[in-house]
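The values are calculated or read from the model by the stated rules, or taken from the named source; none is laboratory data. Predicted model, so just to flag it, every value in this text is computed and none were measured. In this analysis, Cβ positions are derived from the backbone assuming ideal geometry, glycine residues included, and neighbour counts consider all displayed protein chains.
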Amino acid sequence: MDTFKKLKQFYWPYKKLFFLSLFFLLFVTAITVVYPIVIQMTIDEVVLKDRYPLIPYISLVFVGLMLIKGLATYFHQYLGDLFGITAVYRLREALYEKLQVLSFKYYDNAKTGDLMSRLTADVDGFRFFLSVGFAELLRVATLILFSLAVMFYYSIPLALVTMAAMPFLAVVVYKFDQQVHPAFKRIRKSFGHLNTRVQENISGINTVKSLAREEFEIGRFSDKNETYKQNYINTSLIWSKYFPLMEFIGNVCAVALLAFGGYLVINGGLALGELVAFFSLVWYILGPLMNLGFIVNMFSQSKASGERLLEILEATENIQEVSSPIVKPIKGHITFEDVSLTYTVDDDSALKDINLDAPPGKTIGLIGATGAGKTSITQLITRFYEPEEGRILIDGKPVEHYDLKALRRQIGFVLQEPFLFSTTIRENIAYGNPDLTDEQIIDAAKRAQAHDFIMEMPDGYATLLGERGMGLSGGQKQRIAIARAICIDPSILVLDDATSAVDMETEFKIQQALKEVMKGRTTFIIAHRISSLKHADEILVLDEGEVVERGTHDELIENSGPYTRIFNIQYQDREAIMEHAN
């Protein structure tokens, strides 16, 4: 029950609904046990004693009991469902909130499809047990207790004979639980892998089709589907093995009851009506005990789901805030002092002994091969990751002393592959600052060289975009992302290959617009093209996480080092064109 204890905070606040549901369940169970008693009285007191005029009254009692039971069943089921649905609503909210605060380090190893299956299938599996499983377990327990009480009242010897096989049934149910729980955990895990495969395929369908890898993807999906199917078949084998055994033990009890009970009736030790009632009551015990396998199965599924949900809820939040963080606006003075970063224990260092100083208004260019550590520097400023060694200062204070949300609101990011939401262009541009007027949004779009192509769209700024900005070119997405960054009026601006997907003419226009945006702001330009950062106040050339060269464009050209080699490769045929454009 540890899993349910850990998740108690989500369902226990609604315990009133649960206990009300149980209150009505007691009515249902009590009336169920009354049925055999009424039958016994009908046989022994009415039929055998020729008191037939009482039958209409007994029928009316039956109808009354059924009406009360129906009403009690309605409230029991409704309140039980309300309890489960309300509890998992809160649980789902907590899971989503947790996913928002987990650091990039968590997402580096997480799979989108698996997370989605946890927030849907696993949450629903847990809800089903809260709504039905707990109540069913208590229904079984109360039904057995009530039935046993009546059985012992009728005949203690017959009750003891009937119960003789029950310990064997309990052992079988226990063994069943030991095997079925790991089986359902494997099912949940394989379902998460199946979801991941589907999600990745749909997200990367352009790449799949462009490389004609449809058959390969079908094969990969079939492998995951086969694993999911096999896990379900293995679970079915467990069911097939244990349920007939449970039924056999139940039938043995029924045979023993009829044999010994018949003997008692013949010898006058038990009335005929009592034997009939006894036979009904024994199935009220054996049926629920065999049904215990279903409850155990439900419990195992729910427990497996709960464990997967706890993996998210108990995931370590690597980025912690101080008790009284700084929330005031920043000027944007960035300082790195001997900063090193390693993403995982087995990896090489992403950054090694980085030192830099960027006062407000200064533009820092970062260039180097893929994986050299350019993006890592900017991700440390926003505390997406924590440095392993050294410290990062903003306006002279350690970055960890700042309120995370307040800090990140003042840093504008334009990524190499900007993410756009499936909503209007206007809402995408104003995403970081939803209170902007239409005039401010249009002004930001004009400064990002996006206004013209937006006005050519069917509904202008009200045009709905597809998932991840489908319907726009890479360059158009980047210009909308630049407009979005402009809208938050950041103190620090990070351009991570922000013009990589535009042609040289558009790149030049965007750079002209960004010059105005960059005034008074600390700017980091990450680029593979020298044309994007040649005007930076200082350029850092990185290689395998280390700064191998630094200086202005002109100084680095004179050094004849790595920067010059990059320049020569890129500018042999284009220098004259760019000079003419300038």
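What the table below lists for this structure:
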item: Some residue of the range 425-444 being at pLDDT below 85 and either surrounded by 22 or more Cβ atoms within 10 Å (Cβ to Cβ) or aliphatic (A, V, I, L, M) (or both); result: no
item: Hey, I525 modelled with pLDDT of 85 or more and aliphatic (A, V, I, L, M) or not; result: yes
item: Residue match in the range 244-262 (condition: in a helix (DSSP H, G or I), within 38 Å of the chain's Cα centre (by Cα) and within 30 Å of V38 (Cβ to Cβ)); result: yes
item: Any chance F19 is surrounded by fewer than 16 Cβ atoms within 10 Å (Cβ to Cβ) and of a type in the set (F, W, Y); result: yes
item: Of the criteria (1) surrounded by 15 or more Cβ atoms within 10 Å (Cβ to Cβ); (2) out of contact with any Gly (no Cβ under 8 Å at 6 or more places or on another chain); (3) under 18 Å from E538 (Cα atoms); (4) not small (G, A, S), which one N355 fails; result: (1)
item: Helices (runs of 4 or more DSSP H) enclosed by the range 37-122 - at least 3 residues per element that are hydrophobic (A, V, I, L, M, F, W, C), farther than 25 Å from V282 by Cβ and in the same structural domain as F184 (by TED's automatic domain parsing); result: 55-101
item: Neighbours by Cβ (under 6 Å, 6+ apart or cross-chain): first from the range 473-498, touching a residue at least 24 places away in the same chain (Cβ under 8 Å); second of a type in the set (F, W, Y) and surrounded by fewer than 22 Cβ atoms within 10 Å (Cβ to Cβ); result: Q476/F453; R484/Y431
item: Extreme residue, farthest from the chain's Cα centre (by Cα), among residues of the range 263-286 that are closer than 17 Å to P167 by Cα and aliphatic (A, V, I, L, M); result: V282
item: Filter pass, S210 being modelled with pLDDT of 85 or more, hydroxyl-bearing (S, T, Y) and surrounded by fewer than 14 Cβ atoms within 10 Å (Cβ to Cβ); result: no
